[in-house]
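First comes the structure, then the notes that go with it.
Derivation of every value follows stated rules applied to the coordinates shown; laboratory data play no part. Fair warning: this is a prediction, and the values are worked out from it, not measured in the lab. Cβ: placed from backbone, ideal geometry, glycine included. Neighbour counts: every protein chain shown.
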Amino acid sequence: MTNLGLGRAPKPLNCGGLDAGLPARELEAGLSDELAKLRNLITPEDALAITIALEHFTAIMAHELLGDDRILAGADPALAAIWRWHAIEETEHKAVAYDVYRDVVGENGLAYWRRARVMVMTTVTFWSFVFLYHLRLVRADKAATDVRGWWTLFRWMWVYPGNMRNLIRPWLDYFRGDFHPWQHDNHEYVEAWKATYEAEGAVPA
């Protein structure tokens with residue numbers, strides 16, 4: 001079992017904020033605008049299908065983060081604690097929206113094809129935004145032409161530790177007709193988080 005390292009509240013961070021010269025607010029505003037446009041174009045059923053697709057992404061990425069200490073090795077302890085807490089939070093509720101979709105929209109026939117179709121579209125859109133936003137941040141940091149930096153990122157994501165490769169199979173599982181998020185049972189991470197807090201005299205939220 002990985003050491004979750006969530007027992008102590010993180011100290012306040014001084015991460016530079018806007019002083020870092022990164023367009024965080026601009027990117028956030030742009031994303032909000034795109035989501036507002038999307039809400040006006042899709043049905044409530046498609047909106048729910050998008051939600052469960054994104055929840056599956058966050059759940060399988062959270063599983064990788066919690067199960068591989070190499071991902072946060074060397075990170076600031078406070079930031080690492082925040083990321084692990086967020087991964088636990090994503091794990092705890094990973095089936096909530098899916099269960100709502102199953103009860104409201106269904107799970108067979110058109111309901112299945114809707115969630116499968118939307119997952120493909122969401123995957124393309126999600127990773128397109130990730131790449132474009134990363135590129136914007138790298139350009140703002142004047143590192144867009146750093147070939148060694150790009151290779152280091154690629155190697156870290158796909159070679160060692162290569163956690164992106166581990167996302168492929170659970171992503172494909174989503175297209176099974178009998179899929180449910182808790183078929184990837186990782187309750188042990190949540191229980192370890194609770195045990196860590198209880199051992200240090202704190203009650204988990």
* Packing-based exposure ordering (other Cβ within 10 Å, fewest first) of D103, D173 -> D103, D173
* Ordered by residue, what ³J(HN,Hα) values in Hz, to whole numbers, does segment 161-169 give under the Karplus form 6.51 cos²θ - 1.76 cosθ + 1.60, where θ = phi - 60° and Gly and Pro are x? -> x, x, 5, 4, 4, 6, 7, 5, 5
* List the aspartates and glutamates whose Cα lies under 20 Å from the Cα of K194, skipping any in the same chain that are fewer than 8 positions away. => E64, D68, D69, E89, E90, E92, D185
* Calculated FRET efficiency for the pair F154/K194, C-beta based, R₀ 45 Å, to 0.05 -> 0.80
* Structure fact -> Residues M157, M61 in order from fewest to most other beta-carbon atoms within 10 Å are M157, M61
* Asked: Do any trypsin sites (Lys or Arg not before Pro) in segment 105-205 lie in a DSSP loop with no more than 16 other beta carbon atoms within 10 Å, and if so, which?
  -> K142, R176
* To do: Starting with the fewest neighbours, write out V96, V147 ranked by other beta-carbon atoms found within 10 Å of each beta-carbon.
  => V147, V96
* Whole-Hz Karplus ³J(HN,Hα) for segment 171-183, in order, using 6.51 cos²θ - 1.76 cosθ + 1.60 and θ = phi - 60°, x for Gly and Pro? -> 5, 5, 4, 4, 8, 5, x, 9, 4, 8, x, 7, 5
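What area, in nm² and to one decimal, does the C-alpha convex hull of the chain cast on average over all directions?
Over all viewing directions, the chain projects a mean Cα-hull area of 13.2 nm².
Any idea what the relative contact order of the chain is, in percent, if you count C-alpha pairs under 8 Å spaced at least 6 apart?
Relative CO of the chain lands at 34 percent.
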* Structure fact -> Of the DSSP H helices in the chain, the ones reaching 27 Å or more along their long axis in Cα terms and averaging at least 0.0 in Kyte-Doolittle hydropathy are 44-67, 110-140
* log10 I(q)/I(0), Debye, Cα-only segment 84-137, no solvent, q = 0.12, 0.18, 0.21 Å⁻¹? -> -0.44, -0.82, -0.92
